[in-house]
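Inspection log for the structure reproduced underneath, given as structure tokens.
The values are calculated or read from the model by the stated rules, or taken from the named source; none is laboratory data. As the structure is a prediction and not an experimental result, all values here were calculated from the model. As a convention, Cβ positions derive from the backbone with ideal geometry for all residues, glycine included, and neighbour counts pool all protein chains shown. Accessible surface is based on the protein model in full, side chains and every heavy atom, while ligands, DNA and RNA are left aside. Shrake-Rupley method; radii C 1.70, N 1.55, O 1.52, S 1.80 Å.
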Amino acid sequence: MKLYGFFRSGTSHRLRIALNLKGIAYEQVPIDLRIERHLSAEYKAINPQQLVPSLDTGEALMTQTPAIIEWLEERFPMPQLLPGDASARARIRALAAIVGCDIHPVNNRRILEALRHSFGADDAAVNDWCATWITAGFDAFDALLQAYGQGGVFAYGAVPTLADVYLVPQIESARRFKVDIDRWPRLAAIDKACAGLEAFRRAAPALQPDAA
Ligand SMILES: N[C@@H](CCC(=O)N[C@@H](CS)C(=O)NCC(=O)O)C(=O)O
């Protein structure tokens, strides 16, 4: 498979973790967001939304990580990213959605560019913006973890799930925006547990071929 992504993109990071957990080999094609390669006509032909990542499975070109990861789960069921019964799976999806639907989209590059260029925000204001939505999301994530009371070292039990696949890149990004993760000891502990797994370690932004 061919992964079009960017080392520091949270959604590319998310997809690398999912592919690694499933044990799927992939070649990486770097799309450098810093020089707006994602806005090129060439990349638009791959992903009309001009966002990374995209996955060429050899059979189809896929976009949108929630759709791609659900496809991976259906096509390569083991190890399961959505284990348990329907209620457990809904809970895991809810944790992932806090990141995927409510934190990441409002802190995306194009939103921050609009804040800077159309609304006069400086770096401090942009960092405040990001910290606001990360904090609201992580507070809710943490409260759900407590409410679910699932135990185990990962976000939902003793094995990594979709919830961890979404959480770890968002923690990485929170650190980049200088958000103090110590506010959420449970989340920091999950991040540490994930860092102990090869699939997560190999997906880290700093280890990607385009990292600079
Ligand atoms: N919902 C999409 C979001 C993809 C996305 O927003 N990717 C970011 C990088 S993490 C991007 O390409 N941003 C470019 C920009 O905002 O200009 C997905 O999950 O695949």
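If packing is taken as the average number of other Cβ atoms within 10 Å across a peptide's residues, how do 84-92, 18-26 rank, most packed first? Display every interim value, and only then the final one.
Working: 84-92: 14.3, 18-26: 17.4.
Order by mean packing, descending: 18-26, 84-92.
Given the Cα-Cα distance of Ser40 and Ile181 and 0.36 nm per residue of separation, how much length would full extension add, in nm?
Computed gain between Ser40 and Ile181 is 47.2 nm.
With unit charges on the beta carbon (Lys/Arg positive, Asp/Glu negative), name the residue among Leu21, Val52, Leu3 whose Cα is farthest towards the positive pole of the charge dipole of the chain.
Leu21
Whose amide H sits under 5 Å from the amide H of Met62, counting only residues 5 or more places off or on another chain, with H placed in the peptide plane?
Answer set, sorted by chain and number: Leu55, Asp56, Thr57.
What FRET efficiency would be calculated for the residue pair Arg75, Lys192, taking the C-beta separation as r and a Förster radius of 30 Å, to the nearest 0.05? Present the calculation step by step, with values, prior to reporting the outcome.
Values: r = 30 Å, r/R0 = 1.02.
Step by step, r from the Cβ atoms, then E = 0.50.
For the chain, list the DSSP H helices whose alpha carbon atoms reach 27 Å or more along the long axis and whose average Kyte-Doolittle value is 0.0 or above? Could you put the intermediate results ahead of the total?
On the way: long enough: 123-148 (37 Å, 0.43).
Helices meeting the criterion: 123-148.
Measure out, as a whole number of angstrom, how far apart the alpha-carbon centroids of segment 108-140 and segment 1-44 sit.
23
Give a residue-ordered list of calculated ³J(HN,Hα) values for segment 149-160 (Karplus: 6.51 cos²θ - 1.76 cosθ + 1.60, θ = phi - 60°; whole Hz; x for Gly, Pro).
x, 6, x, x, 7, 9, 5, 9, x, 8, 10, x
About the Cα centre of segment 134-189, what is the dipole size in debye to 20, counting +1 per Lys and Arg Cβ and -1 per Asp and Glu Cβ, all else neutral? Can you show the working numbers first?
Details: 5 positive and 6 negative charges, 23 e Å.
The calculated dipole for segment 134-189 is roughly 120 debye.
What accessible area, in Å² to the nearest ten, does a 1.4 Å probe give for Phe6?
Near enough 10 Å² of accessible area.
Please report the carbon-and-sulfur percent of the accessible area for the chain; probe 1.4 Å, protein heavy atoms only, DNA, RNA and ligands left out.
Working: 5660 of 10270 Å².
The value for the chain is 55 percent carbon and sulfur by accessible area.
Where is the GNM fluctuation largest for the chain (alpha-carbon springs, 10 angstrom cutoff): Ala60, Ala158, Ala97?
Greatest mean-square fluctuation among the candidates belongs to Ala60.
Can you work out the FRET efficiency for the pair Arg202 and Asp85, with r the C-beta to C-beta distance and R0 = 30 Å, to the nearest 0.05?
Working: r = 31 Å, r/R0 = 1.03.
It comes out at approximately 0.45.
Return the single residue from Ala41, Ala140, Ala199 with maximal mean-square fluctuation; model: Gaussian network over the chain, springs between Cα atoms under 10 Å.
With Cα springs under 10 Å in the chain, the top fluctuation among Ala41, Ala140, Ala199 is at Ala41.
Provide the per residue accessible area, probe 1.4 Å, for segment 77-212, rounded to a whole number of square angstrom. Show your work: numbers first, answer last.
Details: 6870 Å² over 136 residues.
Result: 50 Å² of accessible area for each residue.
What FRET efficiency do you get for Asp142 and Ser118 if R0 is 25 Å and r is their Cβ-Cβ distance, rounded to the nearest 0.05? Provide the component values of the computation, followed by the final result.
Numbers: r = 33 Å, r/R0 = 1.32.
The pair Asp142/Ser118 has a calculated efficiency of 0.15.
Going by average Cβ density within 10 Å per residue, which order do the peptides 165-177, 145-157 take, highest to lowest?
Numbers: 165-177: 22.5, 145-157: 16.2.
Answer by packing, highest mean first, reads 165-177, 145-157.
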